[in-house]
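Note sheet for the following structure.
What follows is calculated from the coordinates using simple rules that are stated; it is not laboratory data. Predicted, not measured: the structure shown is a model, and the values here were computed from it. Every residue, glycine as well, gets a Cβ built from its backbone with ideal geometry; the counts of neighbours run over all protein chains shown.
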Amino acid sequence: MLVRSPQAALQRLFDEVGTVDQIGIEERVAKFGTRSIKQTAKVWGLKTAVSMVDLTTLEGKDTPGKVASLCQKALAPHDPELGVPQVAAVCVYPAMVRHARRALGCDTAVRIASVATAFPSGQAPLKTRLAEVKAAVADGADEIDMVINRGAFLAGEFGEMQDEIAAVVQACGATTLKVILEVSELETFDNIRAASFLAMRVIRPGDFIKTSTGKTSLNATLGNNQVMLEAIRDFYLDTGVAIAMKPAGGIRTAKQALTFLVAVKETLGDAWLNNRRYRFGASSLLNDLVRQLEKEKTGAYQAPYYFSEAAESY
Amino acid sequence: MPTLTAKKMSTRLSRPAPELIFGDLWEFDPAPESADPKLKARYELFIDGKFVAPKSGKYFDSINPANEQKLAEIALAGPADVDAAYAAAKRAYDGVWGKLPGRERAKYLYRIARLLQDRAREFAVAETLDGGKPIKESRDFDVPMAAAHFFYHAGWADKLDYVAPGRRVAPLGVVGQVIPWNFPLLMCAWKLAPALAMGNTVVLKPAETTSITALKLAEIFQDAGLPPGVVNFVTGAGDVGAAVMNHPTPAKIAFTGSTEVGKIIMRALAGSDKKMTMELGGKAANIVFDDAPLDQAVEGIVNGIFFNQGHVCCAGSRLLVQESVAEKVLAKLKNRIRTLRVGDPMDKNTDIGAINSREQLDKITRLVAAGVREGNEIFQPACKLPAKGFYFRPTIFSGVSMSSRVVREEIFGPVLSILTFRTVDEAIEKANNTAYGLSAGVWTDKGSRILKMSTELKAGVVWANTYNKFDPTSPFGGYKESGFGREGGRQGLLDYCKLV
């Protein structure tokens, strides 16, 4: 007879998808940071990172005006002469989607992502969460960032967790879905890997798994990013289904972003080095990327106020 | 190489198996380390605290294995030079070093360690130029670890009353040492630090292809004011080594190198009252069980065999993997190896540098050809190699048997042989089925299995869920034909003293 405890359920899942050694993976990711990225490789990396940014504002005090200026920044992050690409998307609350759509227009490559499903806790009835997703899609969202039911996962109720994701996939229609695992609440690398597999089995090719909401103490780290990249790799090699990845929160500097990209290059390879397969959920990162690009061109660092430095002012 | 499930699916859906692309979409620019190694054009012998010309007046070239260019001329010692070195060591032992209180010796060792740290980048560059190892390894491992050995043994020098509880210890006298070319500076530190801390004086011969960092260390000894004759370096090839080992003066000899040479030395010294430590070859088993975290195990396998181009006596050159996960591990390993960067050792992004010498490259090439002739399945990534210099692609052999040459012989290069097993007992039997016994690795989630393996494996070091981890406090040494005696820790110190 099967033991029906959450731990037993998790153990069966670990046996199926494999486990992660914490010390081993931390040693592995420390090596990514020792890669020395210079000259043209650096410029390519910085520009690619810009094109992968989901420029984000998720605050209670967001206004249509702030969202509009965020959209302007997304369309033209800096002086066009520098050749800085547009970012991948703006990421806003559902209530701000229509303002973002108005600011961006319909004829744009910059996508609108919205954090639906009672973000960041997800603690609302499923019906409410689905309604929120549908409303955001109706208002013009191209991508939905949902949170998983961490409570169900930790209780070993994997069916419930996956059914909810599947319901959101339905509600999304043609809209891309990003599934936020909220890694800090899953607590272990083993759990992050297991939850990645559960999510990947019910989403579609091209959908994302995402580290975190940015609303808890610990967000994207090289370690949890790596666990998820390796899960994506194993799932792809097993099934041929390519899932995309989005680390979010905590990536503030260009140097960090380049290190994350090295991890992608050396784990998933060239096919993931684009914004259809990899994104950064970030707000202040964009300014540092642009500043480093400016420095590569001129050889000198500009003063902070040369860029719209604070995340507060776009 | 697709995994089993992917292969099944691909035949069912008749589409190509999914593959990862490790191409040149984001090629890294060269990132050469630029520090000045401060090399001299010519290096003399270091005898009695001074750099002196060899009596023969002969020199040999030390070349950079990465591009085959000459780096410096090294003095070729003869028997008369070895005599002079031992005479200086004897004088220093009788006159100064043997009588100096431990806390005074400690001051010199601390000073050497700090001076080495001060010049860490310079030494790292010199080590990489001379030996071919990647700069990231000499920078992050060899040089810091060498300094750590001097620090650790400096700490012991005034506490020797406690090294053998209930007993007193006394130095042996003059010690003769011969070291290999795979970790030139670090082996110097391993050998010198415990000998000096204990109050012995030393005549040491570095390997002929990698003498430079030892002679740079001699500059540090001068700067540190180490009394003349406490450490003497004589340089040259095997005949100089034989002269150092067979000389009547030393009370102890210590050798790190091949089992073949170790046997010759032991034969020559049979019947003498000299103490010996031998750190010889290895053919370590790295054992992966099916419950191991596979990605981290793969990382450990890569670190185990490709660290320092596989020029590591404790390299995990035999991979034993449980049958149920063998195919998966092989597939993961191949993908991982495709991302290794082979090339210019001075580039900060290089993972695998140059093979130490043409001779060694020839030996590796010969053994790999033998492995292919035996019918083993070979895998090498399609990486570009520099046109000049000694390079060898990381290589794995799968489907090999216990009797294969690539499983039995120490290759001392980036070549891994993969065997499979079904049960714990079979793993132990296969792991122990070798003339060597220096090290082993065990990868499993089950703690009790680790303890069982570590008692049953006949190996001096058993790593659990990691590989190639070193520390000055941890004794290192072999079973069987991997040698005897220990280096590092309290045990290592005891090999440099007599109990009175």
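With the gyration tensor restricted to C-alpha atoms of the stretch B:420-500, the semi-axes of the equivalent ellipsoid amount to 27, 15, 10 Å, longest first. Projected onto planes of every orientation and averaged, the convex hull of the alpha-carbon atoms in chain B covers 24.2 nm².
Each distinct pair of alpha carbons in the stretch A:6-299 adds a 1/r term; the inverse of their mean, the Kirkwood radius, is 19.2 Å. Each residue of the stretch B:216-227 was assigned a 3J(HN,Hα) from its phi angle through the Karplus expression (A = 6.51, B = -1.76, C = 1.60, θ = phi - 60°), giving 6, 5, 4, 4, 5, 4, 4, 4, 7, x, 4, x Hz with x at Gly and Pro. Projected onto its three principal axes, the C-alpha set of the protein assembly as shown covers 93, 66, 54 Å, listed from the longest axis down.
Using bins of 10 Å that start at zero, the share of Cα-Cα pairs per bin across the stretch A:1-131 amounts to 10, 24, 23, 25, 15, 3, 0, in whole %. Just flag the GluC sites (Glu not before Pro) in the stretch B:323-386 sitting in loop per DSSP whose Cβ has no more than 16 other Cβ atoms within 10 Å. Answer by residue number: B:374.
Computed from backbone phi with θ = phi - 60° and the Karplus coefficients 6.51, -1.76 and 1.60, the 3J(HN,Hα) list for the stretch A:26-32 is 5, 5, 4, 6, 4, 5, 4 Hz; x is used for glycine and proline. Placing unit charges on each Cβ (+1 for Lys and Arg, -1 for Asp and Glu) gives chain B a dipole about its Cα centre, and among B:143, B:441, B:66 the Cα reaching farthest toward its positive end belongs to B:441. Considering only Cα atoms, the convex hull volume of the stretch B:420-464 works out to 68 Å³ per residue. Mind scanning B:159/B:191; A:255/A:297; B:70/B:283; A:265/B:332; A:178/A:265 and naming the pairs with a C-alpha gap bigger than 23 Å? Where the Cα-Cα span goes over 23 Å, the pairs concerned are B:70/B:283. Please report the antiparallel percentage of the DSSP beta bridges confined to the stretch B:282-464, to the nearest 5. Roughly 10 percent of the beta bridges in the stretch B:282-464 run antiparallel, per DSSP.
Projecting the Cα atoms of A:191, B:97, B:462 onto the charge dipole of the protein assembly as shown (Cβ charges, centred on the Cα centre) puts B:97 farthest toward the positive pole.
Summarising the amide proton neighbourhood of residue A:244: residues at separation of 5 or more, or on other chains, whose placed amide H is nearer than 5 Å comprise A:206, A:207, A:208, A:209.
Across peptide A:15-22, the mean count of Cβ atoms from other chains lying within 10 Å of each residue's own Cβ comes to 4.
Across chain B, the longest run free of exposed loop sites, meaning trypsin sites (Lys or Arg not before Pro) lying outside DSSP classes H, G, I, E and B with no more than 14 other Cβ atoms within 10 Å, spans B:169-383.
Relative to one another, the C-alpha centroids of the stretch B:349-420 and the stretch B:448-481 are positioned 25 Å apart. Report the far tail of the P(r) of the stretch B:75-189, meaning the percent of Cα-Cα pairs longer than 24 Å. Pairs farther apart than 24 Å: 42 percent. Summarising the amide proton neighbourhood of residue A:147: residues at separation of 5 or more, or on other chains, whose placed amide H is nearer than 5 Å comprise A:180. Here's how it looks for residue B:43: its modeled amide H is under 5 Å from those of B:73, B:74, B:75, which are all 5 or more places away or on a different chain.
Remark: the stretch B:282-464 projects, on average over all directions, an area of 9.8 nm² (convex hull of Cα atoms).
Thinking of the stretch A:185-259 as a set of Cα atoms, what percent of all their pairs are more than 19 Å apart? Counting pairs separated by more than 19 Å, the tail of P(r) holds 33 percent. Treating r as the C-beta distance of residue A:36 and residue B:42 and R0 as 45 Å, the FRET efficiency rounds to 0.85. For the stretch A:185-202, 3J(HN,Hα) computed residue by residue from phi via the Karplus equation (6.51, -1.76, 1.60; θ = phi - 60°) reads 8, 8, 6, 10, 5, 4, 5, 5, 5, 4, 5, 4, 5, 4, 5, 5, 6, 10 Hz, glycine and proline entered as x.
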